[in-house]
Amino acid sequence: MKNIIKIIAVVMAALTITAASSMIVGAAEKKCSVQIKVIGCKGSDCDNIARILNKICKDNKCSFTNKKLNGYCPDGNCSTKKPVTTAKPAASTTSAPQSSEFNTAYEAEVLRLVNIERNKNGLSSLNKDSGATNVAHLRAKEIVKSFSHTRPDGSSCFTAAKELDVTYRTAGENIAYGYSTPEQVVKGWMNSEGHRKNILSASFTKIGIGCYKSGNILYWPQFFIG
């Protein structure tokens, strides 16, 4: 029986309220008769756009919906940027899985192969980070239960870093399962645009990698921070 292979990436994408507003206003001026979706608003900005669109679409037969973003997107195309604070987070009650449960040799080989790809593209090598590794190990067990960038409790994958007191300015995650070797999984990621963007992002300087076996299937998370 063949192993199922599946990969998802959290890609870094900048969505701004200005870009969303321009796109929407331009569509409304054409007297559209289709639904307009706000795809880049956040919080109260969505309400502000709603008031603008109510006025614009009044005489143009337009309708619209708002899609609010809360720091991540469950469809796999998202970004997260978090300022590093000097205040120490509250003590975490969540523990990372023990390293003995993971194939550390495979994890080291993934890092080596990733840095080869970065160096080919004129980028500096990523350094293994103990905090990011703890996050990757925690996420490895979670993606066995729910293969998604959304954690089993329904929160963003990035909340795992907060629970383990890992701070960052920018972060990203790649996940995969079903690949049997480091070479295969890195090749799979590099052949996928979203995953490749994370691997070749100049914003990232550190990485944590997990290789966890469950039911004879290997689960592979990468957690990037910068």
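Looking at segment 188-213, which of the residues that are part of a loop (DSSP other than H, G, I, E, B) and small (G, A, S) is farthest from G131 (Cα to Cα)?
Among those residues, the one meeting the criterion is S192.
Quick one: count up the residues across segment 138-163 that are open to solvent by less than 50 Å² (accessible area, probe 1.4 Å) and in a loop (DSSP other than H, G, I, E, B).
Going through segment 138-163 one residue at a time, the tally reaches 9.
Restricting to segment 177-208, and then to whatever is of a type in the set (V, I, T) and under 14 Å from the mean Cα position of the chain (by Cα), can you tell me which residue is nearest to C157 (Cα to Cα)?
Here is the first cut: in segment 177-208, the residues of a type in the set (V, I, T) are 181, 185-186, 199, 205, 207.
Still in the list and also under 14 Å from the mean Cα position of the chain (by Cα): 199, 207.
Working: I199: 17, I207: 15 Å.
Among those residues, the one meeting the criterion is I207.
When segment 164-176 is examined, which residues are found to be over 21 Å from R112 (Cβ atoms) and either within 17 Å of the chain's Cα centre (by Cα) or open to solvent by 40 Å² or more (accessible area, probe 1.4 Å) (or both)?
Correct list: D165, V166, T167, Y168, R169, T170, A171.
On the basis of being touching a Phe, Trp or Tyr at 6+ places or on another chain (Cβ under 6 Å), closer than 24 Å to E193 by Cα and part of a helix (DSSP H, G or I), does V135 make the cut?
Judged against the criteria, V135 is a match.
Do you know which of the residues in segment 120-132 that are of a type in the set (S, T, Y) and in a loop (DSSP other than H, G, I, E, B) is most open to solvent (accessible area, probe 1.4 Å)?
Ranking the candidates gives S124 first.
Does E183 count as within 20 Å of E107 (Cβ to Cβ), in a strand (DSSP E or B) and either touching a His at 6+ places or on another chain (Cβ under 7 Å) or open to solvent by 10 Å² or more (accessible area, probe 1.4 Å) (or both)?
Details: within 20 Å of E107 (Cβ to Cβ): yes; in a strand (DSSP E or B): no; either touching a His at 6+ places or on another chain (Cβ under 7 Å) or open to solvent by 10 Å² or more (accessible area, probe 1.4 Å) (or both): yes.
When the stated conditions are applied, E183 does not pass them.
Return yes or no: is Y219 closer than 19 Å to S156 by Cβ, open to solvent by 10 Å² or more (accessible area, probe 1.4 Å), modelled with pLDDT of 95 or more and touching a helix residue (DSSP H, G or I) at 6+ places or on another chain (Cβ under 6 Å)?
Answer is yes for this residue.
The values are calculated or read from the model by the stated rules, or taken from the named source; none is laboratory data. Bear in mind that the values here come from a model prediction, so they are computed numbers and not experimental data. Note that we place each Cβ from the backbone using ideal geometry, even for glycine, and neighbour counts take in every protein chain shown. These area figures cover heavy atoms from the full protein model, side chains too; ligands, DNA and RNA do not enter into them. Shrake-Rupley method; radii C 1.70, N 1.55, O 1.52, S 1.80 Å.
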